[in-house]
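Engineer: Got a structure here, written out as structure tokens. Questions coming.
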Amino acid sequence: QLDEGPQINIGSVEWVGNKSITQEKLLEITEIKIGQKLSLVDLETALQNLKNYYNENGFIEYKLLNESKDLMTYSDQNTIAHLKFEIQEGPKVEVQSILIEGNDRTHDKLILTEIDFKQGDFLTPSKIEESISRLQRTGHFSSTEITTLESGTNIALRTVLIKVNERDPGVFTIGTGLTNENLGTVHGYTGIAYRNIGGWGRGVSARLEGNYNYADVRYLESKITLGAVEPYLLESRARLRLNLTRSRTISDYQIRKVTELNSTTTSIEQ
């Protein structure tokens, strides 16, 4: 047994506080039309589209003040909905300068190369998120925070503050294990790497792996890998990698065949 209730149409749309964007443009962004049936799913989408539009145009402190209260009122026995959007645009934020804190070892230029904005750009949440993600992916920092010094004010030209906590660039790993492969095999590895030579993000690494089948072949397999990376080739985001590998492995246990491999791999990544 269903009680559908009345079907509700949108009777009017009112915008308050939109100083930079016209009402016609806001209706286009939200895709709201007077007279259409009210769909709460479509309304949620409209609110998200509105926020995305403001944020991606530099209004990073945009707020819808009445999102949780008095956004809709009803009339004509609850069959007509009246929408009122009370907007706080905030300033259109432009990057005037960039300050960096916490990089005792890493050069400012490395951080400035990785971030997704520069002086004179309008700041958006997507640029901030992408910049944080890129800085974290370098592996040089345990945490990264990007804010503006004038946050919460009407100042449009702002100083962006990038705070980082650096990781120890030296890494040492070691491990061993035992499996029942070929009736019993001992595995082991050790490695060392330094990932931020001179504070420019350059890295070198060395890794040694070994397998010893003690139950049957009784031969020590080995693999040595040496690596180096130049992260900013020709002052761009292109990375140059070089890997040298030397290995001796059993490729056929039945005939006791050992394969020796010496290889060099050079790659450019963007």
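The values are calculated or read from the model by the stated rules, or taken from the named source; none is laboratory data. No experiment lies behind these values; they were computed from the predicted model shown. When we count neighbours, we look across all protein chains shown, and the Cβ atoms used for this are built from the backbone with ideal geometry, even at glycine. For accessibility, only protein heavy atoms count, side chains too; no ligands or nucleic acids. Shrake-Rupley method; radii C 1.70, N 1.55, O 1.52, S 1.80 Å.
Engineer: Can you find a residue in the stretch 90-101 that is open to solvent by less than 70 Å² (accessible area, probe 1.4 Å) and closer than 30 Å to L38 by Cα?
Structural biologist: Yes, the stretch 90-101 has at least one match.
Engineer: What about R248, is it of a type outside the set (S, T, N, Q), touching an Asp or Glu at 6+ places or on another chain (Cβ under 6 Å) and either surrounded by 11 or more Cβ atoms within 10 Å (Cβ to Cβ) or in a strand (DSSP E or B) (or both)?
Structural biologist: Considered against the rule, which asks whether it is of a type outside the set (S, T, N, Q), touching an Asp or Glu at 6+ places or on another chain (Cβ under 6 Å) and either surrounded by 11 or more Cβ atoms within 10 Å (Cβ to Cβ) or in a strand (DSSP E or B) (or both), R248 comes out as yes.
Engineer: Identify the single condition in (1) touching a strand residue (DSSP E or B) at 6+ places or on another chain (Cβ under 8 Å); (2) open to solvent by less than 30 Å² (accessible area, probe 1.4 Å); (3) part of a loop (DSSP other than H, G, I, E, B) that N18 does not satisfy, given that it satisfies every other one.
Structural biologist: It fails just one condition, (2).
Engineer: Moving on. Which residue pairs have Cβ atoms under 7 Å apart, sit 6 or more places apart or on different chains, and have a first residue in the stretch 178-202 that is assigned to a loop (DSSP other than H, G, I, E, B) and a second that is of a type in the set (V, I, T) and surrounded by 15 or more Cβ atoms within 10 Å (Cβ to Cβ)?
Structural biologist: G199/T106; G201/T138
Engineer: Okay, next question. Any residue at all in the stretch 36-49 that is surrounded by fewer than 12 Cβ atoms within 10 Å (Cβ to Cβ), at pLDDT 90 or above and among the acidic types (D, E)?
Structural biologist: yes
Engineer: Now for a different question. Please enumerate the residues belonging to the stretch 146-162 that are within 16 Å of S97 (Cα to Cα) and either of a type in the set (S, T, Y) or outside any loop (DSSP other than H, G, I, E, B) (or both).
Structural biologist: Matches in the stretch 146-162: I146, T147, T148, S151, L157, R158, T159, V160, L161, I162.
Engineer: For a quick check of your reading of the model, give me the residue pairs whose first member lies in the stretch 208-226 and is touching a residue at least 60 places away in the same chain (Cβ under 8 Å) and farther than 15 Å from T173 by Cβ, whose second is of a type in the set (D, E) and assigned to a strand (DSSP E or B), with beta-carbon atoms closer than 7 Å and at least 6 apart or on different chains.
Structural biologist: none
Engineer: Of the residues that sit in the stretch 225-245 and are closer than 17 Å to I197 by Cα and in contact with a Leu (Cβ under 6 Å, 6 or more places away or on another chain), which one is most open to solvent (accessible area, probe 1.4 Å)?
Structural biologist: L226
Engineer: Taking L135 and the conditions (1) surrounded by 13 or more Cβ atoms within 10 Å (Cβ to Cβ); (2) within 18 Å of the chain's Cα centre (by Cα); (3) part of a strand (DSSP E or B), which numbered condition does it fall short on, given that it satisfies the others?
Structural biologist: So L135 meets the others, but not (3).
Engineer: While we're looking at this one, here's another question. Is the stretch 157-169 home to any residue that is more than 30 Å from E129 (Cβ to Cβ) and free of Cβ contacts under 8 Å to residues at least 60 places away in the same chain?
Structural biologist: No: the stretch 157-169 contains no residue that is more than 30 Å from E129 (Cβ to Cβ) and free of Cβ contacts under 8 Å to residues at least 60 places away in the same chain.
Engineer: If a residue must be over 27 Å from L178 (Cα atoms), free of Cβ contacts under 8 Å to residues at least 60 places away in the same chain and among the basic types (K, R), how many such residues does the stretch 227-270 contain?
Structural biologist: 2
Engineer: Looking at the stretch 76-93, I want the residues that are in a strand (DSSP E or B) and have a partner that is among the β-branched types (V, I, T) and surrounded by fewer than 17 Cβ atoms within 10 Å (Cβ to Cβ) with Cβ atoms under 9 Å, at least 6 apart or on another chain. Which pairs are those?
Structural biologist: Pairs found: A81/T73; H82/T73; L83/T73; K84/V16; K84/T73; F85/V16; E86/V16; I87/V16.
Engineer: Residues of the stretch 50-79 being under 19 Å from L123 (Cβ atoms) and open to solvent by 50 Å² or more (accessible area, probe 1.4 Å), which ones?
Structural biologist: K51, N52, Y53, E56, N57, K63
Engineer: Follow-up question, since we're still on this one. Quick test of your reading of the structure: D70 fulfils all but one of (1) over 22 Å from I155 (Cβ atoms); (2) at pLDDT 90 or above. Name the failing condition by number.
Structural biologist: If we test D70 against (1) over 22 Å from I155 (Cβ atoms); (2) at pLDDT 90 or above, just (2) comes out false.
Engineer: Can you tell me how many residues within the stretch 122-132 are over 26 Å from D168 (Cβ atoms) and either assigned to a loop (DSSP other than H, G, I, E, B) or small (G, A, S) (or both)?
Structural biologist: Counting residues in the stretch 122-132 that are over 26 Å from D168 (Cβ atoms) and either assigned to a loop (DSSP other than H, G, I, E, B) or small (G, A, S) (or both) gives 3.
Engineer: Scan the stretch 103-120 residue by residue and report those that are part of a loop (DSSP other than H, G, I, E, B) and surrounded by fewer than 15 Cβ atoms within 10 Å (Cβ to Cβ).
Structural biologist: D104, R105, K118, Q119, G120 - these are the residues of the stretch 103-120 that are part of a loop (DSSP other than H, G, I, E, B) and surrounded by fewer than 15 Cβ atoms within 10 Å (Cβ to Cβ).
Engineer: Out of all the residues in the stretch 204-215, is one or more modelled with pLDDT under 95 and charged (D, E, K, R)?
Structural biologist: Looking through the stretch 204-215, none of the residues is modelled with pLDDT under 95 and charged (D, E, K, R).
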